[in-house]
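What follows is a short report on a single structure.
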Amino acid sequence: MSTGDGAYIKKLNRSIILQRIIEYGMISRADLSKITGLNKATISVQVADLLEDELIYETRQEHHGVGRRPIMLSINSKAAYVLGIDLDYKVIHYSLSNLLGYPVQSESMEIDTENYEEIVQILKNKIQFYDQEFNSSKYGLVSVIIGVHGTVNKDEHIYFVPKYQWHHKNLKEDLEKELDIPISIENNANLSAYAERVYKHQESDNLLTIILSSGIGAGMMLEGELQKGYHGYAGEMGHMILSPGGEICSCGNKGCWERYNSEPSFFERLSAKMGGTRITYEELEELLNAGNETVVNQMEQFLFHLSIGLNNIINLYNPETIVLNSKVLQCTPNVVNKVESNLNSSVSQYKEIVLSDLGDDACVMGACALAIKKFLKVPKLLLEYSEEHYLNEVKEAKSAL
Ligand SMILES: [Zn+2]
């Protein structure tokens, strides 16, 4: 075996050991050896390296039996930090997390510009702020991943962001030339799919998330891996043609799915039926619960189109889990049953359809998780959806008051 192979195997063993320590939370050297199939000497050498690198730490397990308490190993979650950014239209969400994916700080910032250079400057300043804030930890801020609501190619170049009308931007390079931190750019729906898998649907190797927001985005995890297609643009399901010759879409075609199932399209149609009145999500929920005929009918139409789109996707992918991420659907009682009752084809098969619990946080959570995976170089990452995530939502809600 060449030295190159030896170094490769060493790295591989290290990544497998780290993955298992994260998965178990606390684990002894003996159990690591059993689970990984690596011999005790290899475990011992690797663990010594990881301890020296301060990526893990040792504790004594509490137990009431006789005999020595075994030494347990855990991830040193404060050794490094990662930053996830959701670059949405006119608002940027930031979430800084530790190595176990717990959010340490999060904030949302409204911006009143669409200018690319100005937004690069805003991002740069914020990343520098977090970098300085956490530079006393062992590795500091080690990775930043930015989710953009548009097409991103395999080299992480932005091809097109419809809302901002940005074409061919190299945001990664524009930030990295001024910052000494690795930056990655990814499509927001891909990051959301990754978050659903890492935090919520850990058993599901074939997961699709459909995000109904200003348009329709889809992220796909197939056989446990993100699927991006030849250029990296796969998942633009909002531009499937649902109604030939139908409504004109911003992409240049007619009758695209997102003309019928984006949230603005729902509210526009409803408003037209209600004499121009615009309603909030809270009002929508109240009206649906009260059985308001106009609103209920409009929602049925919305779910009818949604079911057609889902029927087509199910036939393409035979998914295990479909996660619907949508505020409009969250407002609708019994919505999953209603959608499923429309899916009557004896051909289209899937395991489950669920609503997303992560909602608007999915993108930043996926960004943080992917950044952790890159930094630790683990083949597979599963993280706990913790109390801290809920607390964070509460904090944010309070600060918004
Ligand atoms: Zn279109």
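Scan the stretch 204-233 for residues that are over 16 Å from the mean Cα position of the chain (by Cα) and surrounded by fewer than 20 Cβ atoms within 10 Å (Cβ to Cβ) and the total you get is 7. Every condition in (1) loosely packed, with under 15 Cβ neighbours inside 10 Å; (2) closer than 15 Å to THR151 by Cβ; (3) of a type outside the set (Ser, Thr, Tyr); (4) more than 14 Å from the ligand (Cβ to nearest atom) is met by GLY252 except one, and the failing one is (4).
Does TYR94 fit the bill of being farther than 30 Å from GLU52 by Cα and among the hydroxyl-bearing types (Ser, Thr, Tyr)? Taking the combined requirement at face value, the residue satisfies it.
Suppose we keep only residues that are of a type in the set (A, V, I, L, M, F, W, C) and either assigned to a loop (DSSP other than H, G, I, E, B) or within 14 Å of PHE302 (Cα to Cα) (or both) within the stretch 226-249. Which one would you say is farthest from the ligand (Cβ to nearest atom)? Don't jump to the end; show me each part of the working.
Residues of the stretch 226-249 that are of a type in the set (A, V, I, L, M, F, W, C), as a first pass: 226, 234, 237, 240-242, 248-249.
In the following step, the residues that additionally are either assigned to a loop (DSSP other than H, G, I, E, B) or within 14 Å of PHE302 (Cα to Cα) (or both) were identified as 234, 240, 242, 249.
Working: ALA234: 15, MET240: 9, LEU242: 10, CYS249: 3 Å.
Among those that are of a type in the set (A, V, I, L, M, F, W, C) and either assigned to a loop (DSSP other than H, G, I, E, B) or within 14 Å of PHE302 (Cα to Cα) (or both), it is ALA234.
Residues in the stretch 268-278 that are touching a residue at least 12 places away in the same chain (Cβ under 8 Å) and either open to solvent by 30 Å² or more (accessible area, probe 1.4 Å) or within 16 Å of the ligand (Cβ to nearest atom) (or both): ARG269, LYS273, MET274. Does GLY140 satisfy the condition of being over 19 Å from ILE372 (Cα atoms) and open to solvent by less than 80 Å² (accessible area, probe 1.4 Å)? For GLY140, the condition - over 19 Å from ILE372 (Cα atoms) and open to solvent by less than 80 Å² (accessible area, probe 1.4 Å) - is not met.
Results for (1) open to solvent by less than 10 Å² (accessible area, probe 1.4 Å); (2) assigned by TED's automatic domain parsing to the domain that holds GLY217; (3) more than 16 Å from the chain's Cα centre (by Cα), shown as yes or no for each residue.
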residue: LEU324; (1), (2), (3): yes, yes, no
residue: LEU329; (1), (2), (3): yes, yes, yes
residue: VAL339; (1), (2), (3): yes, yes, yes
residue: SER346; (1), (2), (3): no, yes, yes
residue: SER356; (1), (2), (3): yes, no, no
residue: ALA369; (1), (2), (3): yes, no, no
residue: LEU382; (1), (2), (3): no, no, no
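The C-beta contact set for the stretch 230-254 (first residue farther than 15 Å from PHE160 by Cβ and of a type in the set (Phe, Trp, Tyr), second residue open to solvent by 70 Å² or more (accessible area, probe 1.4 Å) and more than 13 Å from the ligand (Cβ to nearest atom), distance under 9 angstrom, 6+ apart or interchain) comprises TYR230/LYS154. Residue pairs whose Cβ atoms lie under 7 Å apart, sitting 6 or more positions apart in sequence or on different chains, and linking a residue in the stretch 321-348 that is in a helix (DSSP H, G or I) to a partner that is polar (S, T, N, Q) and open to solvent by less than 70 Å² (accessible area, probe 1.4 Å), are VAL339/SER307; ASN342/SER307. For MET220, indicate whether it is farther than 30 Å from ASP112 by Cβ and within 16 Å of the ligand (Cβ to nearest atom). When the stated conditions are applied, MET220 does not pass them.
You will find that of LEU191, LEU212, LEU123, LEU207, the residue that is of a type in the set (A, V, I, L, M), in contact (Cβ under 8 Å) with a residue 12 or more places away in the chain and over 26 Å from LEU382 (Cα atoms) is LEU123 and no other.
The values are calculated or read from the model by the stated rules, or taken from the named source; none is laboratory data. Remember, predicted model here, so these are calculated numbers, not experimental data. In this analysis, Cβ positions are derived from the backbone assuming ideal geometry, glycine residues included, and neighbour counts consider all displayed protein chains. Side chains included, ligands, DNA and RNA excluded: accessible areas come from the protein's heavy atoms. Shrake-Rupley method; radii C 1.70, N 1.55, O 1.52, S 1.80 Å.
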